[in-house]
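Here's the structure, in structure tokens; my notes come after.
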Amino acid sequence: MTSPSAPLPQAVLWDLDGTLIDSEPLWMAAEGELMAAHGLGWSDEQGRAMVGNALPVSAGLMQEAGLPLGLREIIDTLIDAVMQGLRENVPWRPGVRELMEALGEAGVPQALVTMSERPMADAVMQGLGSSPFSVVVTGDAVERGKPDPEPYLKALDELAQQHPGVSAAGSLALEDSVPGTSSALAAGLVTVGVPLHVPLTERDGLILLPTLAGVTPQELGCLVQLAQQAGEPQG
């Protein structure tokens, strides 16, 4: 149990799909339905392989599997289907709303870093009532999506402009996928993986948690502090 006086992270950067909300089943269903509409099969394994990818990458994989549509048409069709599902229900992951609220009350800046495009991010934020994010970076705002570090570097730059002193080493990213954790680690962030539909394996710099339920801002701050101490030269 951590003390209320424990250190806080300088900022917390959230992934969306699979981290904030359990939207991956919506994406997988949309992919399968689109492929089936063109007489093509789509396995659960193929769907899981898409988790965390930038949308153009996922659309390209569907083209490689035989889908005779352009990238933009594939992306728009998938987004429309997922948005329809979110209008019916926003499937929040355990603990995330409580943690976002607690971070806001503690004055910790938060960013959303997602490979979904802006309309979907806006729909999720509307579901929150008021957005806790001072920075939002979406897949249509970067040239190179996750696993490239560009999305997180862009978010860190914008956070530092609004909140001088914010740094990668003092901030923490929350992710659920291999591309997402790779992107955050490459950007120099303390990175916490909370796996859902795709397993995450231990790797240098990656902290694994089974859930965010009950996690406090102070506990995230302790994870940042421990990561900083582990990175300090010995002797």
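Assorted remarks:
- Condition check for residue 212 on (1) more than 19 Å from residue 21 (Cβ to Cβ); (2) in contact (Cβ under 8 Å) with a residue 40 or more places away in the chain; (3) under 15 Å from the mean Cα position of the chain (by Cα): one failure, at (1).
- Residue that is surrounded by the most Cβ atoms within 10 Å (Cβ to Cβ) [pool: residues in segment 111-146 that are β-branched (Val, Ile, Thr) and within 20 Å of residue 186 (Cα to Cα)]: 113
- Within segment 182-219, tally of residues that are touching a Leu at 6+ places or on another chain (Cβ under 8 Å) and under 16 Å from residue 94 (Cα atoms): 9
- Scanning segment 107-118 for residues that are assigned to a loop (DSSP other than H, G, I, E, B) and either free of Cβ contacts under 8 Å to residues at least 60 places away in the same chain or closer than 13 Å to residue 12 by Cα (or both) yields 107, 108, 109.
- Scope segment 64-103; condition touching a helix residue (DSSP H, G or I) at 6+ places or on another chain (Cβ under 9 Å), within 15 Å of residue 126 (Cα to Cα) and charged (D, E, K, R); matching residues: 87, 97
- Being in the same structural domain as residue 219 (by TED's automatic domain parsing) and in a helix (DSSP H, G or I) is true of residue 97.
- Inside segment 47-65, residues that are at pLDDT 90 or above and not in a helix (DSSP H, G or I) make up a count of 1.
- Selection status of residue 55, over 24 Å from residue 209 (Cβ atoms), touching a helix residue (DSSP H, G or I) at 6+ places or on another chain (Cβ under 7 Å) and buried (at least 16 other Cβ atoms within 10 Å of the Cβ): yes
- Only one of the numbered conditions (1) in contact (Cβ under 8 Å) with a residue 40 or more places away in the chain; (2) touching a strand residue (DSSP E or B) at 6+ places or on another chain (Cβ under 8 Å) is violated by residue 8, and that is (2).
- Condition met for residue 184 (surrounded by fewer than 18 Cβ atoms within 10 Å (Cβ to Cβ), assigned by TED's automatic domain parsing to the domain that holds residue 107 and either touching a residue at least 60 places away in the same chain (Cβ under 8 Å) or closer than 15 Å to residue 114 by Cα (or both)): no
- Taken together, 168, 173, 230 contain a single residue that is free of Cβ contacts under 8 Å to residues at least 40 places away in the same chain and crowded, with 17+ Cβ neighbours inside 10 Å, which is 168.
- Residue in segment 70-87 that is part of a loop (DSSP other than H, G, I, E, B) and either outside the structural domain of residue 154 (by TED's automatic domain parsing) or buried (at least 21 other Cβ atoms within 10 Å of the Cβ) (or both) present: yes
- Scanning segment 151-165 for residues that are small (Gly, Ala, Ser) and in contact (Cβ under 8 Å) with a residue 12 or more places away in the chain yields a total of 2.
The values are calculated or read from the model by the stated rules, or taken from the named source; none is laboratory data. Small disclaimer: the values here were computed from a predicted structure and weren't measured. Positions of Cβ are generated from backbone atoms using ideal geometry, with glycine treated the same way; all protein chains shown enter the neighbour counts.
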